Amino acid sequence: MNAVWILCLRQLKRYSRSRARIVGSLGQPVLFLLALGFGLGPTFRKAGGGDYLQFLSPGVIAMAILFTSIFSGIEIIWDRQFGFLKETLVAPVSRLQVVLGRAIGGALVAMVQGLIVLTICLIAGFRFQNAAMLPVALLFMFLISLLFTSIGTAIGSLLDDMQGFQLIMNFIVMPLFFLSSALFPITGLPAALRMVVSIDPLSYGVDGLRGALSDASAFGMATDMLVLASLTAIMLSIGSYLFSRIQL
């Protein structure tokens, strides 16, 4: 397991050195928080939805985690093109340990981004309904991070072109975000749209975060946790298998 933690630390070290990456990855969530949170807040309140900032903040936190974690897969392509991946794979450790190290490291990086956005939300006016549920919220953040890091790893293992990876990720990431429950309540949706939301894995992460931070879960936090944990285990297995088949 030492190799796993070494790779985790490597991912964190990469993140700490990239200030442009930190600032850049915060731009879109902050824009959504300010533009939608304050712009649509009065309309949402008049419609009887309450404080839109309280509703939106968990979705914005999940958005920051989603973007950071799923785009961690591009590092596999980068390392493959510049020869760093070959150095890792010739080390006397199993590829499963390599995947676990990269996935956990990427998940921790995404969690840091989520915590930064959470702090910004608190500054903007978001408030916990029950501070004792913060550890549960952190667990949901970690599961979201690990799930989408595993998806990024799986896709990055199949591709060898960074531009192709970015195009595919944009095709996946934006629907995942907009078709989750991050921006709108699930209740009252048309049946077809509600079905789409219910099969979006990010919906369960957003709903779990919203339940832990704002006490407003639509699916139930136990269901959210079960779905996220199951999908994370499945995608981590798929990502490990695809990574093991990389040919250098």
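Assorted remarks:
- Net length gained if the chain between Thr187 and Ser237 were fully extended (0.36 nm per residue, minus Cα distance): 14.6 nm
- Shown for Leu122, Leu56: other C-beta atoms within 10 Å of each C-beta, ranked fewest to most, produce the order Leu122, Leu56.
- Segment Ala124-Asp161, length gained on full extension (0.36 nm per residue, minus Cα span): 9.4 nm
- Ranked packing of 59-67, 33-41, most packed first, by mean Cβ within 10 Å: 59-67, 33-41
- Legend: ranking of residues Phe171, Phe128 from fewest to most surrounding C-beta atoms inside 10 Å; resulting order Phe171, Phe128.
- Listed from fewest to most Cβ neighbours within 10 Å, the set Thr43, Thr149 follows the order Thr43, Thr149.
- Estimated from the Cβ-Cβ distance and a Förster radius of 41 angstrom, the FRET efficiency linking Ile168 and Leu34 is about 0.90.
- Cα-projected label distance for Ile246 with Val196, points at 7 Å along beta-carbon direction, nm: 3.4
- Looking at the stretch 149-248, the trypsin sites (Lys or Arg not before Pro) that sit in a DSSP loop and have at most 15 other Cβ atoms within 10 Å of their own Cβ are Arg245.
A short reminder: the numbers here are calculations on the coordinates, not readings from a lab. Everything numeric here is computed off the predicted structure, so don't read it as measured data. No Cβ is skipped: glycine too gets one built from the backbone with ideal geometry, and neighbour counts run over all protein chains shown.
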